[in-house]
Amino acid sequence: MTELLTQKCIPCSGSLPPATAEEISEYKKQVPDWDLVTEMGELRLQRVYKFPDFKSAIAFTNRVGDIAEAEGHHPALLTEWGKVTVTWWTHAIKSLHHNDFIMAAKSDGLYR
């Protein structure tokens, strides 16, 4: 995960190609707690983080929001009592990009 943690997102206008199956396999090794899911026909990364209460969950949500703003790459966030579901994908290409794995690693870094 350290390799992804040190990287920055690159702006994606929709002209960049999605990650290949080979790239996804390699990046996924660095964020093993994340699931590959398909929603609305789009491949996404998703993880549910557990917390002891709502206050901890919302604080984590806000930290993820802060790094999303800093990197210019934004997830779907679902905050509930005791858990936060974070879903990363690149909206402009309707699939996964290297940026999504970077942000998954950064999200994990906030949780540990």
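The numbers here are math on the coordinates, done by the rules we state, and not lab data. Quantities reported herein were computed from a predicted structural model and do not represent experimental measurements. Here the Cβ positions follow ideal geometry from the backbone for every residue, glycine too, while neighbour counts run over all protein chains shown.
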Putting +1 on Lys and Arg Cβ atoms and -1 on Asp and Glu Cβ atoms, find which of A92, T20, I58 reaches farthest to the positive end of the dipole of the chain. I58
Any chance you could check the Cα centroid distance between the range 29-82 and the range 10-27 for me, in angstrom? 19 Å
Sorted largest first, extent of the range 26-74 alpha carbons per principal axis (Å): 32, 26, 25
Given all pairs of different Cα atoms, what value in angstroms does the Kirkwood hydrodynamic radius of the range 69-111 take? 11.1 Å
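Contact order normalised by length for the chain, with contacts defined as Cα pairs under 8 Å and 6 or more residues apart; what percent is it? Write out the running numbers ahead of the final one.
Numbers: 174 pairs, mean separation 41.7, N = 112.
Contact order relative to length: 37 percent.
Provide the convex hull volume over Cα atoms per residue for the range 27-112, in Å³. Display every interim value, and only then the final one.
Numbers: hull volume 7.0 nm³, N = 86.
Normalising the Cα hull of the range 27-112 by residue number yields 81 Å³.
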Starting from one equal scatterer on each C-alpha and no solvent at all, send me the Debye-based log10 I(q)/I(0) for the range 1-52 at q = 0.21, 0.26 Å⁻¹, two decimals. -1.04, -1.30
Which value in nm describes the separation of the simple spin-label points at I58 and Y111, placed 7 Å from the Cα toward the beta carbon? 2.1 nm
Cα-centre dipole for the chain with unit charges at Cβ (Lys and Arg positive, Asp and Glu negative), debye to 20: 260 debye
Say each of L36 and E3 gets a label point 7 Å from the Cα, pointing the same way as Cα to Cβ; how far apart are those two points in nm? 1.7 nm
